[in-house]
Amino acid sequence: MTQFYDRYYPTISLRRGEMRAFKKLPDGEKQKMLPIVLLAPWLNSVRFENSINIVKGSVGDIPIIVDVDRYYQSSSTLESRQYFWSLLDKNDGPKNWMSLVEAHENYIPCLQFLGTSEDLVHEQIAWARTLRRGFCIRYEISNLPKEYDPAPLLENIRNDDCLLVIDFGYSDYSENVSTYIKEFMSRIFEVSPGFKIVVSGSNFPNDFSDFDNFSQSQPNSARQYFNDVKAQFGNYAVFFGDWASTKPRKYDGHGSAPRPRIDYPVTTHWIMARSARDGWNFEDAALRITRLPEWADHPKIWGTGMIEKTALGLPGGIKTNPEVIAARINIHLFVQANANLPNPPSQPRGKWKDPI
């Protein structure tokens with residue numbers, strides 16, 4: 001049975017950047033966190049099994065929490081898409097979901113509770129108890145009905161091995177959202193003070209036009225919200241999660257190619273090196289990053305190795321924006337997984353080979 005305790009809970013989608021970044025972490029680092037993987041069809045795969053294989057190739061056999069990726073969109077009639085939509089069907093979806101999860105021993109299920117009958121929710125709870133893996137409820141704020149009350153469902157599971165995830169979505173820090181999260185948590189703890197809660201979400205920038213200097217940075221709103229709730233609920237089991245420095249899937253066209261940029265994550269924010277005015281390439285941006293004071297104690301992992309190789313003009317460095325994303329996520333995962341340690345390591349646990 002998986003234990004839900006104070007560790008890092010990154011939410012990861014099935015996209016190239018996330019899958020590659022996680023794959024490049026040493027096994028010892030992967031075991032420090034419990035990822036929440038949002039399942040969806042993989043690229044243009046015909047069969048949904050390819051998604052399962054991609055997840056296994058990236059995260060291995062460690063326990064993972066799984067849910068359906070409700071940000072995913074497609075009008076394709078491919079078999080993988082049709083199966084995906086079957087998981088969201090209000091009548092048959094929960095049964096299809098239970099069959100999928102049960103077939104993979106390291107999958108910890110999220111209950112499918114919105115838009116389905118109360119009977120099917122209770123059936124999932126009974127099923128999850130027989131699996132003895134623990135289970136999760138993800139409250140995606142953007143998908144919750146107005147004035148949603150979590151108490152009725154929670155009354156039935158107060159003594160279960162259950163993790164609750166409050167996902168604030170894609171949002172910069174806001175006092176209104178912070179108040180909503182804390183009121184939602186208060187309602188949960190009224191049912192039972194023993195519930196374990198993860199607060200998660202993201203605000204990694206979608207537009208970089210204002211980032212034209214290597215010293216500019218973006219605060220991580222997930223850390224800001226987490227600090228707020230810890231200040232109020234410090235004696236309760238409240239854990240940190242985020243979207244691993246990603247943003248929702250984009251479906252509004254490709255537009256022009258983004259300018260070369262290098263991102264460097266630290267615990268509370270991301271530093272972006274980019275200059276349209278001076279026309280920096282990837283090497284220019286990486287060189288600026290490696291000159292920052294924050295770089296002095298950089299972790300020696302795959303993502304930072306990619307930045308170093310780029311700054312030095314060595315083969316195998318960053319040449320494309322997808323590589324920027326993968327390197328950033330890889331560093332972010334390591335930094336957040338080690339953020340609560342009194343002396344965060346610069347060297348990862350497990351076998352590691354200098355990437356330069």
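The values are calculated or read from the model by the stated rules, or taken from the named source; none is laboratory data. As the structure is a prediction and not an experimental result, all values here were calculated from the model. Backbone-built Cβ (ideal geometry, glycine too); neighbour counts: all protein chains shown. We work out accessible area using only protein heavy atoms, side chains counted, and drop any ligands, DNA or RNA first. Shrake-Rupley method; radii C 1.70, N 1.55, O 1.52, S 1.80 Å.
Remarks
- Residue match in the range 158-172 (condition: closer than 21 Å to Ile12 by Cα, in a loop (DSSP other than H, G, I, E, B), within 15 Å of the chain's Cα centre (by Cα) and not aromatic (Phe, Trp, Tyr)): yes
- Condition check for Ser74: among the polar types (S, T, N, Q), under 22 Å from Ile325 (Cα atoms) and either in contact with a helix residue (DSSP H, G or I) (Cβ under 6 Å, 6 or more places away or on another chain) or not in a loop (DSSP other than H, G, I, E, B) (or both): no
- Scope the range 323-356; condition in contact with a Gly (Cβ under 7 Å, 6 or more places away or on another chain) and at pLDDT 95 or above; matching residues: Ile325, Ala326, Ala327, Arg328, Ile329, Asn330, Ile331
- The sole residue among Ala40, Ala21, Ala103 that is open to solvent by 30 Å² or more (accessible area, probe 1.4 Å), modelled with pLDDT of 95 or more and either over 30 Å from Ala327 (Cβ atoms) or hydrophobic (A, V, I, L, M, F, W, C) (or both) is Ala103.
- Every pair of residues 6+ apart whose Cβ atoms lie under 8 Å, when the first sits in the range 195-212 and is closer than 13 Å to Gly169 by Cβ while the second is open to solvent by less than 10 Å² (accessible area, probe 1.4 Å) and aromatic (Phe, Trp, Tyr): Val199/Tyr225; Val199/Phe240; Ser200/Tyr9; Gly201/Tyr225; Phe204/Trp270
- Residue identified as open to solvent by 10 Å² or more (accessible area, probe 1.4 Å) and touching a Ser or Thr at 6+ places or on another chain (Cβ under 8 Å) among Arg7, Arg47: Arg47
- Across the range 135-168, the number of residues qualifying as open to solvent by less than 70 Å² (accessible area, probe 1.4 Å) and among the charged types (D, E, K, R) comes to 6.
- Residues that are open to solvent by 20 Å² or more (accessible area, probe 1.4 Å) and in contact with an Asp or Glu (Cβ under 7 Å, 6 or more places away or on another chain), drawn from the range 106-126: Asn106
- Pairs, first more than 13 Å from Thr246 (Cβ to Cβ) and surrounded by fewer than 21 Cβ atoms within 10 Å (Cβ to Cβ) in the range 313-336, second at pLDDT 95 or above and not charged (D, E, K, R), C-beta under 8 Å, six or more apart: Gly316/Met306; Lys319/Phe282; Glu323/Met306
- Any hit, the range 195-207, residues being modelled with pLDDT of 95 or more and out of contact with any strand residue (DSSP E or B) (no Cβ under 9 Å at 6 or more places or on another chain): no
- From Asp228, Asp172, Asp207, residue being over 23 Å from Pro35 (Cβ atoms), surrounded by 14 or more Cβ atoms within 10 Å (Cβ to Cβ) and acidic (Asp, Glu): Asp228
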